[in-house]
Each structure stands twice: as structure tokens, then as C-alpha cells.
Amino acid sequence: QKQFFQNASHELKTPLMSIAGYAEGIRDGVFEGERIRKGLDIIISESGRLKKLVTEMTLLAKLDSEEDVFRKNAVCLQELITEASERMNPLLVKKGTRLQIDYAPPSGPFEVVADRDKLLQALLNVMSNAARYAVEQMNVHAKVVEGRIEMTISDDGPGIPDELLPFLFHRFVKGKDGESGLGLAISRAIVERCGGIIAAGNRQEGGAVISMSFPAAPTA
């Protein structure tokens, strides 16, 4: 807990310093003309970053301490993957990244017992992370193996540095182009609350791969 607060204060300090610095500069007339607009843009951008950090830290605290924050039901993983890919589409189009989704066997069933909204958030966190590092292609693959649903999300990017791999799902741990360092920690907390397991590695052909495994929902 002490480490968490130390890291949180460090992450919050940087955007707060930027906001205060530009606000004071504009107030005192240090900036003029276009520099005022640039300063306001930075204030807005850093305020958004602060809001995201606080939202993510609040969610992590709830996942740690509140049992009733999770509402579990049978969730169709195909529908969840489809919704996540649709939400990711603007970023993928902007980067020119192809997304390939496949299931084995194609018919499923691919149902897990989970909180649908929370699991969607976990999936979006992992997919957006893969999209950030992908060069041309990212893949989502799901299959049923001995009563469990196994899913992998991979990309063709530079991969995860070996020294980062053991700590990738820790809070405030982020790679070179990472954002808050909380996205994958949130994903791990959600996946584990759903009775699942999440792990990370690198593909032999290059690029990172995040794997998730869940108990399949009981069939009626």
C-alpha cells in the first residue's frame, strides 16, 4: 500500500506541475498569442490524463476491496470480442493495423462466468496495449481446451523487454510508450476476479502475446 501511494503521488505530480505552471504563466502574462492557446491545450490534455489516472486508481481500489462491485453472469466471449474490436476500430484504422480474429472450433461455445462490463474493460485494456505496439497486424485467437476457454492477443511489434516481463501486470509498471501503467494491472485484477489467469510473453517470430484462460461456463 505504501508503494502504491508513492507511485501514485509520483504519477499525479507531473501533470499537476504542468497544469499549475501553464496556468500561472497565462495568469502572469508570461505567455502571449499562440503560446497561450498551446498552454491551454496542454492544461486540457493533462487534466484528461489526471482524470484517467484517478478513475483507474479508484477502479483498482474497488476491485481490491469491494465484493459487490462484481456482478457475474454467463457472458458470450465472441460477443465481447466483437464489441471490443468495434471500439478499437478507429485506432486500428488510424494506425493502419489489421485485426484478425479466429476461433477454434469456430462454433464454440465460448461462454464464461464474469462481470460483462468489467471483462470488456480488461479486454479493451489488453487490445489497446497490443494496438499501440503493433506494426501492421494484431491477432485475437480463442479456443476451448478441456473445459477452459483459452484466449490470446498478439501483435507484431517489438515485444516486451525481458526485464519487464516479470512485472508487467504490476501497478505503475509501463513500457517505453506506455500510458498510466495501470491498464494491465486492472486487467489482471478483473481476470482473476472472474476466476481466470492472465500471462504475458513474446512470440518466437517477434511481438508480444497476452494469454487469458477462463473456466468455461456450465452448460444448461
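A few comments on the model shown:
- Residue match in segment 158-173 (condition: modelled with pLDDT of 90 or more and more than 26 Å from E56 (Cβ to Cβ)): no
- The set of residues from segment 200-220 being open to solvent by 10 Å² or more (accessible area, probe 1.4 Å), outside any strand (DSSP E or B) and either at pLDDT 90 or above or closer than 13 Å to I153 by Cβ (or both) comprises just one member, R203.
- Count of segment 130-171 residues, restricted to those that are open to solvent by less than 40 Å² (accessible area, probe 1.4 Å) and not β-branched (V, I, T), is 15.
- Condition met for L63 (modelled with pLDDT under 85 and open to solvent by less than 30 Å² (accessible area, probe 1.4 Å)): yes
- Segment 103-129 - residue that is within 17 Å of I198 (Cα to Cα) and among the small types (G, A, S) and, of those, most open to solvent (accessible area, probe 1.4 Å): S128
- Criterion (open to solvent by less than 50 Å² (accessible area, probe 1.4 Å) and either modelled with pLDDT of 85 or more or part of a helix (DSSP H, G or I) (or both)) met by exactly one of L40, L92, L16: L92
The values are calculated or read from the model by the stated rules, or taken from the named source; none is laboratory data. Predicted model, so just to flag it, every value in this text is computed and none were measured. Cβ sites come from the backbone with ideal geometry, for glycine too, and all protein chains shown count toward neighbours. For the accessible areas, the whole protein counts, side chains as well, though only heavy atoms, and no ligand, DNA or RNA atoms are used. Shrake-Rupley method; radii C 1.70, N 1.55, O 1.52, S 1.80 Å.
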